[in-house]
Each structure stands twice: as structure tokens, then as C-alpha cells.
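All of the numbers you see were taken from the coordinates with simple rules; none came from a lab. Keep in mind that this is a model prediction, so the values were computed, not measured. Here the Cβ is made from the backbone with ideal geometry for all residues, glycine too, and neighbour counts use every protein chain on show.
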Amino acid sequence: MTTDSPGRGRPPAASRELLQEAAFELFVENGYTGTTVDHIAIRAGVSRNTFFNYFNAKGDVFWVELDAATERLKTALADQPTGDGDAILMMRNAMLHSIAPLESQHVPFVLTQFDLIGSTTELHASAMSRFATQARLLSGFLSHRGTDSAAARAQAYTLIGCVVAAAQEWAQSGVHRGRLEPHVHRAIDAALRSP
């Protein structure tokens, strides 16, 4: 005998992407503030505890792609050749590798649907903590290669600033936006160009 109730949502096989999709559907229907973790869990057909196995807070659903890119960045930095070499070029290449898989369909929801979300402190804090994590990875890589800590931090945040600017441009490019990587190349080139 089954106890499944009709209209309960999706099957209970959970993933970060499934929960993200359920959350985005609800944000469109009810707005960000009108959607709770319980709503997301019900829509996804999982328990509240299952939601928290994947995310620490509701706002974390926006950053699945960014979190995956950070993991790729960590791996790409570790895979850079040891010894002498242009550390800034290696850092840049590692960042480009981390965002290379991001195609048009991966544009962050928060960048294209901000009107539905509104300005929330929680979202800004969760984004900033992720950028700070990337900055620590990048500046640590540069420091390990001999760059003094202040310069390493400035160079890391400059690169992150280029990626953020490129992501905003990418999101605003519409349905034919293509991959993120060419936008990042252009932003880096613009940042390094003399006025």
C-alpha cells in the first residue's frame, strides 16, 4: 500500500539542481521573500532536512554554478605547473578554466530575474562570501608563488571584478549570449588596457 499523496511534487531523488529548479519556479510564482525553504522542499518532493543537506540557506540556491566554478578553480590552481612562471597568467588561466563550462543556459537566475528577487542583504552576503572564497584561493596561489600579500589580494580581487563585470554583461546579452568565457576575456583585456 502506498502513502504518496497526489500533487506532492517531484519524486524524492534530490540534487542541488532539482532544489534550485524548484526554488526558481517558486520565486517566479511568489517572489523571493514569499518563498520559504518549506515551500521549496515540498515543490521538490523532499523533506526540509534534505534541503539543508544541500544548502545552508534559501539564498544559496542561486549559487550552484558559482560553487561548482569555485571547485573547478581550486582544482585548476592546484594543477598549475610548479617552478618559475608567470603566476598572474597561471591565475588567469585557472579562472578561465573554471568558467569555461558555463554556457548560455547557466546564466545565474539572480542576474536575469533580479526584479523578482529584489535587493536582499542575504543574497548580497552569500555572493560576497563566495567571492571572498575565490579571492583567498587566488591570492593564496599568488602568495605561494612569491607575490607579496597586498599585491596578491589586489590582483585576485581585480580578476574577480573582471569576472563579475563580464557575468553582468553576459546576462544582459539576451538569449543569444553564448558562453561566459569570451565575455571574461574581454573584461580582463579592458581592465589591463592603459587609458
**Q.** HN-Hα J in Hz across segment 89-100 - Karplus 6.51, -1.76, 1.60, θ = phi - 60°, x for Gly and Pro
**A.** 5, 5, 4, 4, 5, 5, 5, 4, 4, 5, 9, 3
Q) How do the peptides 126-133, 152-159, 178-185 rank, highest first, by the average count of neighbouring beta carbon atoms within 10 Å per residue? A) 152-159, 178-185, 126-133
Q: Would you work out the charge dipole size for segment 61-192 about its Cα centre, treating the Cβ of every Lys and Arg as +1 and the Cβ of every Asp and Glu as -1, and quote it to the nearest 20 debye?
A: 120 debye
(Q) What distance in nm separates the two pseudo spin-label positions at S149 and R48, each 7 Å out from Cα along the beta-carbon direction? (A) 4.2 nm
Q. Roughly what would the spin-label model give for E25 and T82, points 7 Å off Cα along C-beta, in nm?
A. 5.0 nm
Q. About its Cα centre, how strong a charge dipole does segment 16-55 have in debye, to the nearest 20, once Lys and Arg get +1 and Asp and Glu get -1 at the Cβ?
A. 140 debye
Q: Convert each backbone phi in segment 66-82 into a coupling constant with the Karplus relation 6.51 cos²θ - 1.76 cosθ + 1.60 (shift: θ = phi - 60°), then list the ³J(HN,Hα) values in order as whole Hz, x for Gly and Pro.
A: 5, 5, 5, 5, 5, 5, 5, 4, 4, 5, 5, 5, 5, 8, 5, x, 7
Q | Listed peptides 144-150, 40-46, 71-77 by packing density, highest first (mean Cβ within 10 Å) | A | 40-46, 71-77, 144-150
